[in-house]
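Let me begin by presenting the structure, written as structure tokens, before commenting on it.
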Amino acid sequence: MQELLLIPGPTPVSDDVLDAMSKPVISHTSVEFANLLKETLSYVKDLFGTKNGFPFVITGSGTLGMEMAITNILGEKDNLLVLSHGYFGDRFEELAKHLGIEVDKIKANPGEHVDLELLRKTLKEKHYTAVTLTHVDTSTGVLADVETVSKILQEVSPETLFIVDGVCATGGVKEEFDNWKIDVILTGSQKALATPPGLTLLTFSKRAIEKRNSIKPRTYYGDILKWIPVMEDGTKYFATPSVNLFFSLHQSLKDIFDMGLENYFKKHEDLARRVRNAMNELGLKLVAKRPAPTLSVFLYPEGIDDKTFRGRLKDHGVVIANTLAELYGKGFRIGHMGSITKDELLVAVSKIAETFEELGVKVSKGNVINAFLS
Ligand code: PMP
């Protein structure tokens, strides 16, 4: 039985994307590869909503993208302010500390948002080289208000560089690199972009590239100055890209843009609404006050053991994820992004209802299904 993979990344990959990946390997410096890269980078710019930014696609996971953002704009004398809505926001703090960078953090309670007045006050009291914000924190399902944070930065500390992690957002929700005055945005291939894991997509603003030119970066593979010539001309070599993953990303982006990016966002909104209506019917509580369209994080009703519940659901063919950090064991995370269809999610919610019933929760499966379909 083919399992229904509904963890919030990696997400299932459609057959044409898988087929693209199984094409024969070509030279990583061939004209064919260079053309494919050029088209891919043009999609990346549209995805992030930029005309002026400089796009990159690099072999490595989302964490490499985070590390490239930090190492290319924070030198020895620089400092960072992390805005965190959960485990992945916290990762920026861990990463920066690991590199010996001075870092402060404003953290929200699970499901809530960072206090914007506190952000304003913090930015007035101390100058930061950069601020990080995770557009969707995959641990809590919180959708950050990137635009409002950007406005506060423009108002209080316009010289501070703005880094946005879009790993669990890009493709599933609008991102406006130019309008929101973002300096570095990064994402991964394996979530709403419905491509196998292993690629990170980024865009740097002009001033972020200028900042890189003024520091000594604590990275070699991730140094954007090594990659800029390759992104400008794919026949140049710096380090061998995972050619076949690039085939699959290109195919997936082509599919998304053929459908229309706005329609793709709408599909995510629609699926999120249906899943939440169904889970609401089961009496489950959503963690996020402002939930993302890409995934949902729900708390269990009293008396449900996480391992038992997810184990039984897996026996029914549906794989979902556990909650992380402070929420560990208290709930589950379900992805509704990428190539997932309404029919697949309908199967998933009915299996979830059945599993709760098996574990002694009073459930009306019919009502759950109707809530999903309405
Ligand atoms: N940021 C967010 C918001 C994520 O969800 C993840 C992965 N779940 C990462 C960063 C790290 O990405 P990766 O696992 O691809 O390194």
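Report note on the peptides 72-82, 233-243: ranked by the mean count of other C-beta atoms within 10 Å, highest first, their order is 72-82, 233-243. One chain, two ends: GLN2 and GLU344. Fully extended at 0.36 nm per residue, the span grows by 121.9 nm beyond their Cα-Cα distance. Annotation: the antiparallel percentage among DSSP beta bridges lying fully within region 15-258 is about 40. When the chain is fully extended, how far beyond the present Cα-Cα distance does PHE257 get from ASP15, taking 0.36 nm per residue of separation? In short, 85.4 nm is gained. The helix-only estimate of mean residue ellipticity at 222 nm for the chain, built from DSSP H runs of length n ≥ 4 each weighted as -39500 (n - 2.57), is -13500 deg cm²/dmol after division by the residue total.
FRET efficiency for the LYS236 to LYS289 pair, using the beta carbon distance and R₀ = 45 Å, is estimated at 0.45. Here LYS206 is the anchor, and the aspartates and glutamates within straight C-alpha reach of less than 16 Å, apart from those fewer than 8 places off in the same chain, are GLU159, GLU176, ASP178, ASP183, ASP223, GLU232.
Against the longest alpha carbon principal axis of the chain, how many degrees, from 0 to 90 and to the nearest 10, is the axis of helix 62-73 turned? For 62-73 against the chain, the angle is about 30 degrees.
Bin width 5 Å, alpha-carbon pairs only: give the P(r) of region 187-236 as whole percents, running from 0 to the bin holding the largest distance. Per 5 Å bin, starting at 0, the Cα pair percentages come out as 4, 17, 20, 22, 20, 12, 4, 0.
Computing Rg and the Kirkwood Rh from the Cα coordinates of the chain gives a ratio, Rg/Rh, of 0.98. Between the helical axis of 261-281 and the longest alpha-carbon principal axis of the chain there is an angle of about 40 degrees.
Karplus-derived 3J(HN,Hα) values for region 146-153, using 6.51 cos²θ - 1.76 cosθ + 1.60 with θ = phi - 60°, are 4, 5, 5, 4, 4, 5, 5, 4 Hz; glycine and proline are entered as x. Listed by Cβ neighbour count within 10 Å, with the fewest neighbours leading, TYR87, TYR328 appear as TYR328, TYR87.
The protection proxy used here, the mean number of other Cβ atoms lying within 10 Å of each residue, ranks peptides 173-181, 63-71 as follows, highest first: 63-71, 173-181. Of LYS51/LYS226; LYS38/LYS226; LYS121/LYS289; LYS151/LYS174, which sit over 19 Å apart, Cα to Cα? Check vs 19 Å cut-off fails for LYS51/LYS226; LYS121/LYS289. Computed over region 47-149, the P(r) curve from all C-alpha pair distances, binned at 10 Å from the origin, holds 14, 44, 37, 5 percent per bin. Between the C-alpha center of region 65-140 and that of region 249-274 there is a gap of 29 Å. The string of couplings for region 116-132 from the Karplus curve (6.51, -1.76, 1.60, θ = phi - 60°) is 6, 5, 5, 4, 4, 5, 4, 5, 6, 7, 9, 8, 10, 5, 8, 10, 10 Hz, one whole number per residue in order, with x for Gly and Pro. Taking each of LYS124/LYS211; LYS77/LYS126; LYS342/LYS365; LYS191/LYS211 in turn, the alpha-carbon distance tops 20 angstrom for LYS124/LYS211; LYS191/LYS211. Taking Rh as the Kirkwood radius, which is the inverse of the mean 1/r over Cα pairs, what is the Rg/Rh value for region 1-86? With Rh from the inverse mean 1/r over Cα pairs, Rg/Rh is 1.04. Restricting the calculation to Cα atoms, region 250-374 shows an Rg/Rh of 0.99 when the hydrodynamic-style radius is the Kirkwood one. Each Cα pair under 8 Å and six or more residues apart adds its sequence gap; the mean of these over the residue count of region 15-258 is a relative contact order of 33 percent. Taking amide H atoms as placed 1.01 Å from N in the peptide plane, the amide H of ALA288 lies under 5 Å from those of VAL297, each 5 or more residues away in sequence or on another chain.
Rule-based calculations on the coordinates, nothing more; no lab input. Small disclaimer: the values here were computed from a predicted structure and weren't measured. Methodologically, a virtual Cβ is constructed for each residue, glycine included, from the backbone with ideal geometry; neighbour enumeration extends over all protein chains shown.
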